[in-house]
Amino acid sequence: MMEYSFCPKCGGALESKVLKAFEPTRLVCSRCRFVFFLDPKVAAGALFKLDGSIVLLQRGIEPSYGKWVFPGGYVDRGETVEGAAIREVKEEVNLDIKLVSLLNVYSYAKSPVVVVVFTAEIVGGKLRAGDEALAVRAFNPREIPWSELAFPSTFEALAAYVRKEFNLDVDLSDFSSAYL
Ligand SMILES: [Zn+2]
């Protein structure tokens, strides 16, 4: 099933066509020939500690309603990735942060989302759930709910973070059984 049916420029019908061998089929307008590229979506998030524990929020929206994730969200067009991470943390858990380093970039075959994750430090604000979260909580690294995390990138970034910051090794077979 095609995700989009009509050309955003002229309203003509989109057709799925092979434009170049070895590339995915593209959506091409049957009227004006506009090529509607389905680009990845970039998301940014941050991992940081509050009194030595890792701040996570419980999602109050789909997808992954009720699952735990670090604060983050989509980067707006025209916004920097770093700016988006800082903005999302403020919106979702009401904390001001300073980015420290790039933790890693996570992407998955068949997923449109590319997740850029930073490590950060809190510089202000007071922990409080935003309107898209059911709850916020700072977890001791040994209490992280590994089987109730929202996305594969949540698991992988948290595993990398606790290894880096707490010298704790996470069993990656938990990851495969939960997500693959
Ligand atoms: Zn068109």
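The values are calculated or read from the model by the stated rules, or taken from the named source; none is laboratory data. Being a predicted model, the structure only gives us computed values, none of them experimental. FYI the Cβ positions are ideal-geometry reconstructions off the backbone, even for glycines, and counts take in every protein chain you see.
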Task: Single residue of the stretch 62-75 satisfying the filter (out of contact with any Leu (no Cβ under 7 Å at 6 or more places or on another chain) and assigned to a strand (DSSP E or B)) that is farthest from the ligand (Cβ to nearest atom) - done: Gly72
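For residues that are within 22 Å of Asp96 (Cα to Cα) and buried (at least 21 other Cβ atoms within 10 Å of the Cβ), tally how many sit in the stretch 134-156.
The number of residues fulfilling the criteria is 1.
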Open item on the list: Between a residue in the stretch 29-43 that is touching a residue at least 24 places away in the same chain (Cβ under 8 Å) and of a type in the set (Val, Ile, Thr) and any residue that is away from the ligand (no atom under 16 Å from the Cβ) and part of a loop (DSSP other than H, G, I, E, B), which pairs come within a Cβ distance under 7 Å, given they are 6 or more apart or on different chains?
Closed with: Val42/Val75
TODO: Please find, among Glu15, Glu62, the residue that is at negative phi and free of Cβ contacts under 8 Å to residues at least 12 places away in the same chain.
DONE: Glu62
TODO: Test each condition in (1) part of a helix (DSSP H, G or I); (2) modelled with pLDDT under 95; (3) under 19 Å from the mean Cα position of the chain (by Cα) for Ala157 and report the one that comes out false.
DONE: (2)
TODO: Might you let me know whether the stretch 121-130 holds any residue that is crowded, with 18+ Cβ neighbours inside 10 Å, under 25 Å from Glu62 (Cβ atoms), among the small types (Gly, Ala, Ser) and in contact with a Lys or Arg (Cβ under 9 Å, 6 or more places away or on another chain)?
DONE: no
TODO: Please work out if Gly73 is modelled with pLDDT of 95 or more, small (Gly, Ala, Ser) and under 17 Å from Tyr106 (Cα atoms).
DONE: yes
Task: Condition met for Ser173 (surrounded by fewer than 14 Cβ atoms within 10 Å (Cβ to Cβ), in contact (Cβ under 8 Å) with a residue 12 or more places away in the chain and hydroxyl-bearing (Ser, Thr, Tyr)) - done: no
Open item on the list: For Arg142, only one of the following conditions fails: (1) modelled with pLDDT under 95; (2) over 26 Å from Asp51 (Cβ atoms). What is its number?
Closed with: (2)
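Within the stretch 1-14, work out how many residues are within 11 Å of the ligand (Cβ to nearest atom) and over 12 Å from Val35 (Cβ atoms).
5
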- [ ] Considering each residue of the stretch 15-61, count those that are of a type in the set (Phe, Trp, Tyr), out of contact with any helix residue (DSSP H, G or I) (no Cβ under 9 Å at 6 or more places or on another chain) and more than 16 Å from the ligand (Cβ to nearest atom), and give that number.
- [x] 1
